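The values are calculated or read from the model by the stated rules, or taken from the named source; none is laboratory data. Please read these numbers as outputs of a predicted model, since none were measured by experiment. Don't worry about glycine lacking a Cβ; one is built from the backbone with ideal geometry, like all the others, and counts go over all protein chains shown. In case anyone asks, the SASA skips ligands and DNA or RNA and just uses the protein heavy atoms, side chains included. Shrake-Rupley method; radii C 1.70, N 1.55, O 1.52, S 1.80 Å.
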Amino acid sequence: MSASSLKTLRDAIKRRSFDGAYFIWGEDDYQKDDAVRQLVDAALDPGARDFNLDTRRSAELDPEGLGVLLSTPPMMAEKRVIVLRDVGALKKDARKVLDEYLKRPAPDLMLLMTAPAGSKADATLSALSTSLQFDLLTGDRIPRWITHRAGEIGVKISEPAIELLQAAVGSDLHQLSGELDKLASYIEGNSEEIGEDAVAAVVGVRRGETQADLLDAVAERNAPLALGLISHVLTQPKTTGVSIVMALSTQMLAISWGRARLDEGLSRARLAQEYFDLLKQTGAFTGRPWGSATAVWVRAAERWTRESLDRALDSLLEADVALKESRVSSEEQLLATVVLSLCAVDEQSAAA
């Protein structure tokens, strides 16, 4: 979410002063749903919602039905709220009705129009309403979001617990929120703060057994450690052979980029900041706090040669194709082969 959108949302809720229509779009569905929830909660008392809150799928609305919906006044309340899901799915005639309404919105109605991830920006809706854009959070913002979400449900969480939770779950806010709810229940009555032990018990991932640890082992060319982690990592939520290969590819590309910058004469001390700038520009998914990732990449960039990195990326591409074409019977076996190939590549280069 852009800083301006966040400020617009917070100011509206704080002042209880709302614009007539909001166009809520972007790639992060969790944040969009949360914005809708916050606006509805702020605009309507719970007792008034049965008669004054309508949520509709846009594809199911015809022009007449939409017109009636938009012209119905509130009942025993100051305001009505209408949520139009997937507003881009409105049929042509119904969209004309919406566009005409937005030119003269009713003062006693708040219209929330949402668009699913992957939708293109709608210039007309953005111009005729207040646009709230929610993009995926970058790796450096996830720890702050975890802290904020924990505070919303009345608990604190330690920095080591945040790092372990992010390493185990990644950037999926729906899943992170669900795990935080479980963690809050787990420590209830025993502690006011979620610690690393609680994350290990509830999420089922211990420090040293995460995907980030597997990536570190490969970057350090520690084949025995990496091989021992594969089975642990594959059992973690939403983790597959393809996702691990993608994470390895991102890391090797980052190390390759760093190796090139060092070859150009950039100092190691400056490389860490260059990595942060690169992540801000690209939004690349690191699966953990940016500081942890960049520290590993800086060390690895000095150890790997350009030739070994090129060969490593070729191996990862072949593995990705094999996994997606279902030409392997065991993801664990293929990943073990890839890990041995990556680690051996650098050992051969070092010996040369």
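Details
- Net length gained if the chain between Arg268 and Asp310 were fully extended (0.36 nm per residue, minus Cα distance): 13.0 nm
- Atom-type composition of the exposed protein surface of the chain places 50 percent of the accessible area on carbon and sulfur (1.4 angstrom probe).
- Mean Cα-pair separation over length for the range 1-137, i.e. relative contact order, pairs under 8 Å, 6 or more apart, %: 44
- In degrees, nearest ten, helix 173-187 long axis to first principal axis of the chain (Cα): 80
- Angle between the chain longest axis and helix 92-103 axis [Cα atoms, degrees, rounded to 10]: 70
- Euclidean distance between Cα centres, the range 1-70 to the range 116-176, Å: 18
- Estimated FRET transfer efficiency (Phe51, Leu278; beta-carbon r; R0 41 Å; 0.05): 0.20
- Annotation for Met76 and Asn222: the two label points, set 7 Å from Cα along the Cα-Cβ direction, are 6.6 nm apart.
- Solvent-accessible area per residue, Å², over the range 167-319 with all protein chains present [probe radius 1.4 Å]: 45
- Over the range 1-42, accessible surface divided per residue gives 47 Å², non-protein components excluded, 1.4 Å probe.
- For the range 71-132, the per residue solvent-accessible surface stands at 53 Å², with DNA, RNA and ligands left out and a 1.4 Å probe.
- Angle in degrees between helix 241-263 and the longest Cα principal axis of the chain, rounded to the nearest 10: 70
- Taking every alpha-carbon pair under 8 Å whose residues sit at least 6 apart, the chain reaches a relative contact order of 16 percent.
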